[in-house]
Each structure stands twice: as C-alpha cells, then as structure tokens.
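See below for the structure under consideration.
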Amino acid sequence: MDIAFPINKIATGTAFLSREKEADELASNLTERRHTLIYDSKKTGKHSLVRKALSILNDRGVEYTLIHLNLFRCRTEEAMLELFSQTIRKAFADSDCKISPSINETIRQMSGTKDILSLPEIIASQTGKSVIVWLDEFQNILNFDQCDETLRLLEKHILKHDYTTYIIMDSKINAMDFIVERMGYFSFFSKRIILQPLNEDDVVRYIYRVFQKVGRIITRQQTKLIYDCSQGNPWLIWRIANSCYNLTRGYVTDDIIKESINIQLITFEMRFHDTIDSLSNYQLQLLKAVFDGEVKLNSQEVIERYGLSSSANVHRLKEALMKKEVITFDDANKPRIIDPLFLLWLKTSYFTK
C-alpha cells in the first residue's frame, strides 16, 4: 500500500498544516525559557508541533540540547529517575556540548537519585547552552504510588531552573486537566498551547495537490466530507485520504470515500467494542445523552429522559467517563466525545435508530 500522507510519522514541510502560529509561539517560549504545557488526545499532531518549533530554533541558529523523555513505560518514580539518568547521558553524548570530567562524575553519582532532576540546569549553566527537557506521556505519573509527591518534586526542581526549559506533554486530556486544574501543578508558571483542528481550506488544498501529482482527482466536496467526519483531526484525515488514494487510479467516487471511511471503522471496531463493554448501563446512558447533544446533564429533564437516577449519580458517571477518556468538557462546560472516529462509529453502528 502506498503511503502518501503522514499517517504515523511527523508532519514536516508542506505536510505541516495550519499550526504555524502555535509553532511560532512554542519556539518563542523555548527561546525565552518559558515552560509550556501541550495536552490533547492521541494523534492530534502534538509531536509534529514540537518538532516544527525545534526546526524554527535551528533555522534561527539557537543552540540547545534536547532531552526527550517518554514516561509511558514508567510506573514508579524510581523508573522515571533511571530513565532520566539514561536519557541525559545519551543526550549529552550525542551533542557537541563540552562537559567537564567533574560533570561526568556528577552524572554518575546522581544516577537513579532525585538529584538527577537538577542535572540539566547544572550542565546548562556550565556550558552556556540552553537545555530543553521534553516530558512526554506525562500523565503516566498518576500511576505512581505516591504521584502527588513526584509531581511536587518535579515542580520544585522546575521552579529552580533558569537555563532549562520544559515542555510537558500529555495524550490524555482529562488526566492532565486533573494534574493542572484540580491538583494545581505547573499552571502558574507554564503556558498551555491548545491545538485547534486543522484548517479546512489548508486540508482541502493539500489533499488535492497530493492527488494531482499522480494524476488522481478528488473534489472539494469529497475532501470536505473527509474533513467533517474527522472533525479536523490530522491523523484521521490522513488515514481516510490515504485509503482513497490507494483505492483509485483516476477520479475518486463517493463510493470510494464511503469505503475509505468504512475501512477505518472496521479497523478499530474491536477497540470500540471494548470501550462499550467497559461501560456500565448508567455510563452508557450518559454517553448516549452526550451523543444526543445534551448539555445540561444534571438537569432533572435529562436525568429522567435517560434514566440516570439522580444528580449525584450523574456526577459519578461524568467522573467515570472522563477517567476513561471517553468524554471531556470544554471551558463552557459543554461535553463532547473525545475520539472523532469513535463518535462516527456510534453514529453508524451503535446508536442507530
């Protein structure tokens, strides 16, 4: 199968669409040593944004050393500290930073201890080169036995650093909201960059150009259909567009569009079944209310219509669905289903009339 779109790789060059403003903002934050929070659901372009911002720094001649830690496999603070030690060693071994023998000895002595969190700042102050620490899958800290202590420890160290800038990234919206909004960590000294859906016109033009290069034709209306069912999500847009690309050698038909969308639904159907199976009857009814566009979930009318028992029960159900990252709430407290493909599957296969 040909892969004409950036499905499972970083979007670069002309494939990086619509988020130049956010990339410039992040690049400015990194240049001016302002810490940044970036959290959204999986496959929304977070890594592409960071890589674009780093490429801007490179173009500007900004010197820095990047320490990228993915915490996904860390289930304890000890594992996180060990990963920190290993990643720091590799980052500076691969860079052109000149580290003194005393710093190398310090790295050895600090390895695996909480003091290792101070090391990027020590090295940055000694070498005069900025250090960027990119903490990926940050929400995994909530799995630690004493997660509050770990978060407090990280915040304490970050606050002390003048030459080290942090990018804190999370692929679970509600988990990070819990850390930042409810637990109160990092928000007062970090700035969040919110990823908006890709711009529709940018998407239409890009898909058209990719098809045109090889003599295949897709109309604006067909591309808009791909965009609408994807809700501007780049990963889903590219998956559907790539299926259309491989299913035609000439003109894209509406049947090809439908087949391409159906391929995605079939591919992830088992995951959606597992999600539904994990829900209680009450949780499923609340999901149906959100699916139907209900906003005032605690109102007596909604409670009675969907058999939700009581306002207290609705509160528990909302917490459960948010913990499972099925739904989230915007700043106006309006609920929405997070995954656009899951929403499409509910429309076509589950909540059908």
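The values are calculated or read from the model by the stated rules, or taken from the named source; none is laboratory data. Keep in mind that this is a model prediction, so the values were computed, not measured. Here the Cβ is made from the backbone with ideal geometry for all residues, glycine too, and neighbour counts use every protein chain on show. Each accessible area value is taken on the protein alone, full model and side chains, heavy atoms only, with ligands, DNA and RNA left out. Shrake-Rupley method; radii C 1.70, N 1.55, O 1.52, S 1.80 Å.
Results, tabulated for the structure shown:
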| read-out | value |
| --- | --- |
| Among residues of the range 223-234, those that are part of a helix (DSSP H, G or I) and either surrounded by fewer than 20 Cβ atoms within 10 Å (Cβ to Cβ) or hydroxyl-bearing (Ser, Thr, Tyr) (or both), counted | 6 |
| The range 309-335, residues that are in a loop (DSSP other than H, G, I, E, B), open to solvent by 40 Å² or more (accessible area, probe 1.4 Å) and of a type in the set (A, V, I, L, M) | 332 |
| Output for the range 77-116, where each listed residue is open to solvent by 40 Å² or more (accessible area, probe 1.4 Å), at pLDDT 85 or above and either in contact with a helix residue (DSSP H, G or I) (Cβ under 7 Å, 6 or more places away or on another chain) or within 21 Å of residue 128 (Cβ to Cβ) (or both) | 114 |
| Yes/no for residue 267 being open to solvent by 60 Å² or more (accessible area, probe 1.4 Å), under 22 Å from the mean Cα position of the chain (by Cα), of a type in the set (Val, Ile, Thr) and more than 29 Å from residue 181 (Cα to Cα) | yes |
| Within the range 117-138, tally of residues that are at pLDDT 95 or above, more than 20 Å from residue 57 (Cα to Cα) and crowded, with 19+ Cβ neighbours inside 10 Å | 1 |
| Conditions (1) at pLDDT 95 or above; (2) surrounded by fewer than 14 Cβ atoms within 10 Å (Cβ to Cβ); number of the one not met by residue 338 | (2) |
| Lone unmet requirement of (1) open to solvent by 50 Å² or more (accessible area, probe 1.4 Å); (2) over 26 Å from residue 342 (Cβ atoms); (3) at pLDDT 95 or above; (4) assigned to a helix (DSSP H, G or I) for residue 14 | (3) |
| Qualifying residues in the range 173-209 (those that are aliphatic (A, V, I, L, M) and in a helix (DSSP H, G or I)) - the one nearest to residue 17 (Cα to Cα) | 203 |
